[in-house]
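J.: Take a look at this one; I'll ask things after.
The values are calculated or read from the model by the stated rules, or taken from the named source; none is laboratory data. Note that the structure is predicted; figures quoted are calculated from it, not measured. Cβ: placed from backbone, ideal geometry, glycine included. Neighbour counts: every protein chain shown.
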Amino acid sequence: MIDSELWGAPECPPGVRHLRDRVAGFVADQVVPHEAELDAGGPQARALFHRLRQRALAEGLWGLPLPRSLGGTGLALADYAHVAEAEGASDHGPAVLGSTALLDVNVLDADQVRGRTTLCNAMTEPDTPGSDPALVATRAHLAPDGSWTLHGRKWFVSGADRADLALVLARAPAGPSAYLVPTSAPGFRLVRELHVLGAGGQWEIALEAAPGRLVGEEGKGLRVVGERVRLGRLLRCLRWLGQARRAFQLMRRRARERTLSTGRLADHQLVQRLVFDALLAVRTTRPLVFQAADLLAAGRDARVETALAKVSAARMLQQVSDAAVQVYGAAGLGPDTPLPALFRSGRTARLLDGPDELHITTVARRVLT
């Protein structure tokens, strides 16, 4: 079976296929070989990131889903979904290609987005359940001159060390509100890096009278955050599909090429079962994810579909990456393949953007009402 036949419906529209293939090639050739360097962080990683972004710009692949007014190509969400799946083969693909800014369009002004301002999302707190943002403990105080200052702690803030601004959810007199806090401002402090299953990139931050600019209306922060999270959740699902496809292809190649005294791994029924179950997981998840994308693109209520897609995609990535590790054996646990990182993504996926249990309960309540 050729690769284009493996993944089933929905197929990429003919008008988008060439663009998707160009993005897939860019990620495979330009981003994947540098993953370890980008993962390491620091000045060298930032310089490499900027060089890769310039290549993406030169090839006309930067900011594909962004509005043309912001320097993008205005690719519609329903079409971009197929591109996002290709970008997501690497965790760094969306950032290098500028599509992560799609989440910031409704929060940052045009000049900030066009100027490549980076934004981190500071929602979860050490002593507050992240699945219930209404319980946020970080406080926002309004001064007589109309300025806001924020006090509190956040953690598991992705990319806080390299972001220009932090979007912070805090409790104001009128209720939970959203604020933009410059990471260079006095009162914004990086407390420590949090290693997730051995990998860095997550941070705990302290807000000590940090200045904040109110986003939207006071007391309406959950609405601001909710709109961003719903789209972000869908984009994560699409990228998890891309990572699962990458893990599946590695497993497929290993099964075909690895030989034992009894023959190829591919000829063993237990390996065949792993491959079958992994492909079944991908094929049953893709339609759920793309259905949610179509509904969001049409401006319709996609809460149930997005929740179903999120839980299914997270489980699917964990299952497929785990199967690939099993087929690789000890080599799948070491530094010579991307499988440890893909497995780590699969396990953390079940907690990112709300744990599985939150989405299961939310959907069940809607269905049973």
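J.: How about the range 119-134: which of its residues are in contact with a strand residue (DSSP E or B) (Cβ under 7 Å, 6 or more places away or on another chain) and of a type outside the set (A, V, I, L, M, F, W, C)? Can you show your working first?
T.: Within the range 119-134, the subset in contact with a strand residue (DSSP E or B) (Cβ under 7 Å, 6 or more places away or on another chain) is 119-126, 133-134.
Across the range 119-134, the qualifying residues are Asn121, Thr124, Glu125, Pro126, Pro133.
J.: Keeping to the range 181-204, report how many residues are among the small types (Gly, Ala, Ser), at negative phi and assigned to a strand (DSSP E or B). Spell out how you get there, then give the answer.
T.: Filtering the range 181-204 for residues among the small types (Gly, Ala, Ser) gives 184-185, 187, 198-201.
Those still in the list that are at negative phi too: 184-185, 199-200.
Pick out the ones that are also assigned to a strand (DSSP E or B) and you get 199-200.
So the answer is 2.
J.: In addition: Of the residues Ala47, Ala36, Ala56, Ala95, which is of a type in the set (A, V, I, L, M, F, W, C), modelled with pLDDT of 95 or more and in a helix (DSSP H, G or I)? Lay out the reasoning, then the answer.
T.: On the way: Ala47 fails: modelled with pLDDT of 95 or more; Ala36 fails: modelled with pLDDT of 95 or more; Ala95 fails: modelled with pLDDT of 95 or more.
That would be Ala56, the only listed residue that is of a type in the set (A, V, I, L, M, F, W, C), modelled with pLDDT of 95 or more and in a helix (DSSP H, G or I).
J.: Further question on the same structure: Which is at negative phi and at pLDDT below 95, of Leu352, Leu288?
T.: Working: Leu288 fails: at pLDDT below 95.
It is Leu352.
J.: Within the range 79-89, can one find any residue that is touching a residue at least 24 places away in the same chain (Cβ under 8 Å), within 30 Å of Glu208 (Cβ to Cβ) and surrounded by 22 or more Cβ atoms within 10 Å (Cβ to Cβ)? Before you say what the answer is, go through the steps one by one.
T.: Pass one, the range 79-89, residues touching a residue at least 24 places away in the same chain (Cβ under 8 Å): 79, 81-89.
Retained after the next criterion (residues that are within 30 Å of Glu208 (Cβ to Cβ)): none.
Within the range 79-89 (the criterion being touching a residue at least 24 places away in the same chain (Cβ under 8 Å), within 30 Å of Glu208 (Cβ to Cβ) and surrounded by 22 or more Cβ atoms within 10 Å (Cβ to Cβ)), the answer is no, since none of the residues qualifies.
J.: Please specify each residue of the range 215-241 satisfying the condition of being of a type in the set (Val, Ile, Thr) and in contact with a helix residue (DSSP H, G or I) (Cβ under 7 Å, 6 or more places away or on another chain).
T.: Across the range 215-241, the qualifying residues are Val215, Val225.
J.: Being in contact with a His (Cβ under 6 Å, 6 or more places away or on another chain) and not hydroxyl-bearing (Ser, Thr, Tyr) is the requirement here; does Val282 meet it?
T.: Working: in contact with a His (Cβ under 6 Å, 6 or more places away or on another chain): no; not hydroxyl-bearing (Ser, Thr, Tyr): yes.
Spelling it out, it is not the case that Val282 is in contact with a His (Cβ under 6 Å, 6 or more places away or on another chain) and not hydroxyl-bearing (Ser, Thr, Tyr).
J.: Kindly provide the set of residues from the range 299-321 that are in contact (Cβ under 8 Å) with a residue 12 or more places away in the chain and either more than 18 Å from Ala89 (Cβ to Cβ) or not in a helix (DSSP H, G or I) (or both), ordered by number.
T.: Listed by number, the residues that qualify are Ala302, Arg303, Val304, Glu305, Thr306, Ala307, Leu308, Ala309, Lys310, Val311, Ser312, Arg315.
J.: How many of the residues making up the range 59-92 are in a helix (DSSP H, G or I) and among the small types (Gly, Ala, Ser)?
T.: Residues of the range 59-92 that are in a helix (DSSP H, G or I), as a first pass: 68-70, 77-87.
If we keep only those that are among the small types (Gly, Ala, Ser) too, we end up with 69, 78, 81, 84, 86.
Residues that pass the stated criteria total 5.
J.: Can you name every residue in the range 114-171 that is polar (S, T, N, Q), under 22 Å from Arg192 (Cα atoms), outside any strand (DSSP E or B) and in contact (Cβ under 8 Å) with a residue 40 or more places away in the chain?
T.: Of everything in the range 114-171, those that are polar (S, T, N, Q), under 22 Å from Arg192 (Cα atoms), outside any strand (DSSP E or B) and in contact (Cβ under 8 Å) with a residue 40 or more places away in the chain turn out to be Thr118, Thr138.
J.: When you go through Gly63, Gly98, Gly25, Gly72 one by one, which is the residue that is buried (at least 19 other Cβ atoms within 10 Å of the Cβ), free of Cβ contacts under 8 Å to residues at least 60 places away in the same chain and over 19 Å from the mean Cα position of the chain (by Cα)? Walk me through it before giving the result.
T.: Values: Gly63 fails: over 19 Å from the mean Cα position of the chain (by Cα); Gly98 fails: over 19 Å from the mean Cα position of the chain (by Cα); Gly25 fails: buried (at least 19 other Cβ atoms within 10 Å of the Cβ).
Going through Gly63, Gly98, Gly25, Gly72 in turn, just one is buried (at least 19 other Cβ atoms within 10 Å of the Cβ), free of Cβ contacts under 8 Å to residues at least 60 places away in the same chain and over 19 Å from the mean Cα position of the chain (by Cα): Gly72.
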